[in-house]
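What follows is a single structure, written as structure tokens, with notes after it.
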Amino acid sequence: MQNDDWSRADAIALGVLERNGGVARIDAFLAAGLTRHQVAAIFRRGVLDRPRNAWFVDPALPWQAKHAIRVGGILACLSAAASYGLPVPPEAWRRIHVLVPHNAPRRRHNRDKRRYVAPDEDLEVELHWSPDDGMLPGWRTSLVETLVAMSACVPLDWWIAAIDAARHRPRDRPALLDAQAFRRLRALVPGRLVEHLGLVDALSGSCIETLLRLGLIRRGIGPFVLQFSPTANEFVDFLLPGKLIVEVDGEAFHDPQQDALRDARFRGLGYRVLRFTYSDVVDRLDQVLDQIQAALAALAAE
């Protein structure tokens with residue numbers, strides 16, 4: 001084939017993937033006019049990846065998604081949540097959560113497409129069962145389905161943190177979970193969890209802000225203001241009584257020198273500043289809350 005012919009064949013193959021959510025069986029490529037020989041050649045050229053016999057995907061898909069497809073399902077629950085950019089507990093990365101059809105009696109190992117395993121034999125995979133028959137569409141569950149499944153797999157605070165992140169609207173794009181999708185979520189979650197959806201706050205900009213916010217509520221510490229602006233162009237994570245500012249630094253890089261200058265600026269305006277790390281909040285939340293309570297008590301005694 002000439003270069004122009006390959007370009008057309010590549011475009012057809014990529015179009016098939018796009019119409020099928022990034023994953024397609026060989027039949028879909030044949031129906032689009034490609035031959036088996038052409039599909040095999042496109043695969044060898046790296047335009048397609050093949051995690052499972054007769055199944056092709058976009059090579060840019062996350063490796064977890066390719067492993068899920070190899071098992072015979074799609075990414076679900078915590079693994080799907082991570083693929084949407086939602087926060088998950090640190091231990092969630094130890095296993096791949098895969099949704100499989102309820103009638104799938106034989107599953108391949110997530111690292112070896114030639115090896116079949118029993119349901120509990122692949123220790124790197126957490127299986128979720130779909131009521132549907134046959135291979136599921138796309139490579140991950142929908143955002144609402146993902147959040148519903150998460151409700152049974154993580155502590156409540158982490159579930160709320162994921163919903164906060166989905167509802168949060170960054171400056172440059174809309175929220176992942178709009179109001180209509182949030183209503184769908186409310187209708188699908190178990191009844192015992194509906195009341196907890198009242199804890200969702202789209203102002204939380206990170207999971208550790210949510211975890212700390214929920215900890216403050218549980219301890220009865222407050223009132224507090226999220227995303228307070230002590231100056232015209234700056235925001236802080238929390239403002240508590242006595243002009244106490246609490247900042248929680250995520251896993252992304254922070255410049256200690258810039259943080260120190262910022263804190264000094266706020267102190268010059270009469271604020272007291274406490275700053276905590278991701279590990280502080282995730283691993284030692286009770287100690288963080290103790291420090292905040294102690295600071296509030298000291299301010300009240302002044």
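The values are calculated or read from the model by the stated rules, or taken from the named source; none is laboratory data. In this text the structure is predicted, and so the values were computed from the model without any measurement. No Cβ is skipped: glycine too gets one built from the backbone with ideal geometry, and neighbour counts run over all protein chains shown.
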Q: Could you pull out the residue among 212, 188 that is closer than 19 Å to residue 288 by Cβ, touching a residue at least 24 places away in the same chain (Cβ under 8 Å) and not charged (D, E, K, R)?
A: 212
Q) Yes or no: residue 42 in the same structural domain as residue 169 (by TED's automatic domain parsing) and among the β-branched types (Val, Ile, Thr)? A) no
**Q.** Of the criteria (1) surrounded by fewer than 13 Cβ atoms within 10 Å (Cβ to Cβ); (2) at pLDDT 95 or above, which one residue 182 fails
**A.** (1)
**Q.** Qualifying helices (runs of 4 or more DSSP H) (wholly inside segment 1-62; at least 3 residues being aromatic (Phe, Trp, Tyr))
**A.** none
Q.
Pairs needed: first member in segment 14-33, over 15 Å from residue 47 (Cβ atoms); second member anywhere, part of a strand (DSSP E or B); C-beta distance under 7 Å; at least 6 residues apart or different chains.
A. 25/55
Q: Look at segment 1-60 and say how many of its residues are touching a helix residue (DSSP H, G or I) at 6+ places or on another chain (Cβ under 7 Å), of a type in the set (A, V, I, L, M, F, W, C) and closer than 27 Å to residue 83 by Cα.
A: 14
Q. Any idea which of (1) surrounded by 16 or more Cβ atoms within 10 Å (Cβ to Cβ); (2) touching a Leu at 6+ places or on another chain (Cβ under 7 Å) is the one residue 222 doesn't satisfy?
A. (1)
Q) What number of residues within segment 80-114 are surrounded by 21 or more Cβ atoms within 10 Å (Cβ to Cβ) and modelled with pLDDT under 90? A) 3
Q. For segment 58-78, does any single residue satisfy the condition of being buried (at least 16 other Cβ atoms within 10 Å of the Cβ), of a type in the set (Val, Ile, Thr) and at pLDDT below 85?
A. no
Q: Just need a number here: residues in segment 115-142 that are touching a Lys or Arg at 6+ places or on another chain (Cβ under 9 Å) and at pLDDT 55 or above.
A: 7
Q: Look through segment 247-302, keep the residues that are surrounded by 14 or more Cβ atoms within 10 Å (Cβ to Cβ) and of a type in the set (Phe, Trp, Tyr), and return whichever of them is nearest to residue 229 (Cα to Cα).
A: 266
Q: Please work out which residue is surrounded by the fewest Cβ atoms within 10 Å (Cβ to Cβ), limiting yourself to segment 126-146 and to residues that are under 14 Å from residue 98 (Cα atoms) and of a type in the set (A, V, I, L, M, F, W, C).
A: 129
